[in-house]
Amino acid sequence: MRNFRSIPVLALTVAVVFATNAHATTKVLRAGKVVTPEGRMLTNVVIVIDDDRITSISSAAPPQGAEVIDLRNLTLIPGLIDLHTHMTYFWDGKPGTRPLAQPRRPAGVTTVLAAENARRTLETGVTTVRDLGASGEVDFAMRDLINMGKMVGPRMFVAGQGIAGPRPDAPNPDYRQIAENRVAAGADWVKVYGSRGSYQSVETTQTVTFEQMKTIVEAAHAKSRPVAIHSYGSSGVSDAVRAGADSIEHGIDLDDDTLAEMVKRGTVWVPTIDHNRYYVDAKDEFGFEADTIPPLRDYIAKSLESTRRAFKAGVKIGMGSDAVFSMFGQNTRELGWFIKAGMTPAQALATATTIPATLLGHANDLGALAPGSFADIVAVDGDPLTDIDVVINRVVWVMKGGAVVVDKRRGAAVRR
């Protein structure tokens, strides 16, 4: 699967928040503690970085002439991966406005404004996202600008416009052609909305049939593109798994047969428990009616129980925030739910590192601190192998591709 492409999808005639690549060729990080891909802790480590890659991890003395960054009072973990965002959903919080009642903006304006969502995401330690649904090819533009070094943000794998079921009075569309069109437009992933359910609604009605899902999956896979299928209900999840989806988004009440099939196929489940918590907390921002909140709370409880059962069954689980609007900056709170579902901190950390890196086809250069990997590195204050809250709330410093993009150390100034 090809990634990190730069497809000219949008002509911008405005100044975007550009970044520069003004970092030294070789950098050295002196770390007090480093978490390995296996979930072990190393101490007194020297990490050498050339350009955007890690070249060595050892206890050897730093090479002469290199820029040395002293992080010996912190613990280093890999840059985190959020498997489900909507980066282009921007809201500035202006009084008298609501996230879902904003004026329609030109794609170029949205691209510029959404840079704020990208910045907030980096501050959580998330250096890579899979963005699952955007209009106007704004996500393509953001991906390409970030890859070109013209915008500061996480590495993005994007899906463009998601594929949804037909309206009740409309004929069935040619799903194979639609999937092929998504790939031709520049999508890294194909996103399918297999059911209803969004924002304050937790309706589970399936809207795309098994055969339609299978047609989309086969068409996307023939073009070497993976597929993510959204389903709030159990029937849609079951059909999506059997249809060959690479990942399932949301879902509750997963039965034992579906869990077993997910384990057999290696399907990654992204439960997004925390996004419904966000809607409960942000109900006033959105103007949700009071009677929408109890169903959201009930869905959260069912989602947590399903995650507990899936984890026990051996299903691969990935961290996805489903971040929109004011949720950016809260991307990693899903990890706390995974602890409640029975994971250890190391297992929860894997849902945001090694598991999603493999799903994205980048097990060799994302999701781990190892020679050859991208220098996506996060420094936290504390021990993430004993307390996952360290990852959620105590990110101090972030490097993405060899460039420092977040530095909250006292007296530090980030060079962008």
Express as a percent, rounded to the nearest 5, the fraction of DSSP beta bridges in the chain (both residues included) that run antiparallel.
50 percent
List the aspartates and glutamates whose alpha-carbon lies under 19 Å from that of Lys150, not counting same-chain residues fewer than 8 positions away?
Asp51, Asp52, Glu116, Glu123, Asp131, Glu137, Asp139, Asp376
Taking Rh as the Kirkwood radius computed over C-alpha pairs, what is the Stokes-Einstein D of the range 325-416 at 10 °C in a medium of viscosity 1.306 mPa s, expressed in µm² per second?
111 µm²/s
Ala61-Asp169 FRET efficiency (beta carbon distance; Förster radius 60 Å; 0.05 resolution):
0.25
Cα to Cα, under 18 Å, and not fewer than 8 places away if on the same chain: which lysines meet these conditions relative to Lys214?
Lys191, Lys223, Lys264
On a 0 to 90° scale, report how tilted helix 234-243 is relative to the longest principal axis of the chain, with both axes built from alpha carbons and the result rounded to the nearest 10.
70 degrees
Leaving out ligands and nucleic acids, and using a 1.4 Å probe, what accessible area per residue does the range 24-131 come to in Å²?
44 Å²
Could you work out how far helix 210-222 tilts from the main Cα principal axis of the chain, as a 0 to 90 degree angle to the nearest 10?
40 degrees
Spin-label pair Val280/Asp298, simplified geometry with 7 Å Cα→Cβ offset, distance in nm
1.4 nm
Measuring from the longest principal axis of the C-alpha atoms of the chain, the long axis of helix 256-265 (C-alpha) lies at a number of degrees, nearest 10, equal to 50 degrees
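Suppose the chain between Leu42 and Ser135 were pulled fully straight at 0.36 nm per residue; how much longer would it get relative to their current alpha carbon spacing?
On the way: separation 93, 0.36 × 93 = 33.48 nm, distance 4.40 nm.
Extra length available between Leu42 and Ser135 comes to 29.1 nm.
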Just the accessible area per residue of the range 184-273, please: how many Å² with a 1.4 Å probe?
33 Å²
The range 94-169 to the range 347-416: how many Å between their Cα centroids?
22 Å
Please state, as a whole number in µm²/s, the translational diffusion coefficient that the Stokes-Einstein equation yields for the range 40-90 at 10 °C and 1.306 mPa s, with Rh defined as the Kirkwood radius across alpha carbon pairs.
115 µm²/s
Bin all alpha-carbon pair distances of the range 75-174 at 10 Å intervals from 0 and give each bin's fraction as a whole percent.
14, 42, 28, 13, 3, 0
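Using only DSSP helix segments of four residues or longer, with each worth -39500 (n - 2.57), what per-residue ellipticity at 222 nm results for the chain after dividing by its residue count and rounding to 500?
Value at 222 nm, helices only, nearest 500: -8500 deg cm²/dmol.
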Convex hull over the alpha-carbon atoms of the range 244-396: what's its volume per residue in Å³?
124 Å³
For labels at Arg105 and Ser201 in the simple 7 Å Cα→Cβ model, what's the distance in nm?
2.5 nm
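Under 1.5 on a/c is rounded, so check that first for the range 164-205, then, if it is not, pick prolate when a/b is larger than b/c and oblate when it is not; a ≥ b ≥ c are the square roots of the alpha carbon gyration tensor eigenvalues. Present the calculation step by step, with values, prior to reporting the outcome.
On the way: a/c = 3.50, a/b = 1.44, b/c = 2.43.
Judged from the Cα gyration tensor, the range 164-205 comes out oblate (a/c at least 1.5, b/c at or above a/b).
The values are calculated or read from the model by the stated rules, or taken from the named source; none is laboratory data. What you are looking at is a predicted structure, and each value in this text was computed from that prediction instead of being measured. With ideal geometry, Cβ positions are generated from the backbone for all residues, glycine too; neighbour counts draw on all protein chains shown. The protein model used for the area step is the full one, side chains on, heavy atoms only, and it has no ligands, DNA or RNA in it. Shrake-Rupley method; radii C 1.70, N 1.55, O 1.52, S 1.80 Å.
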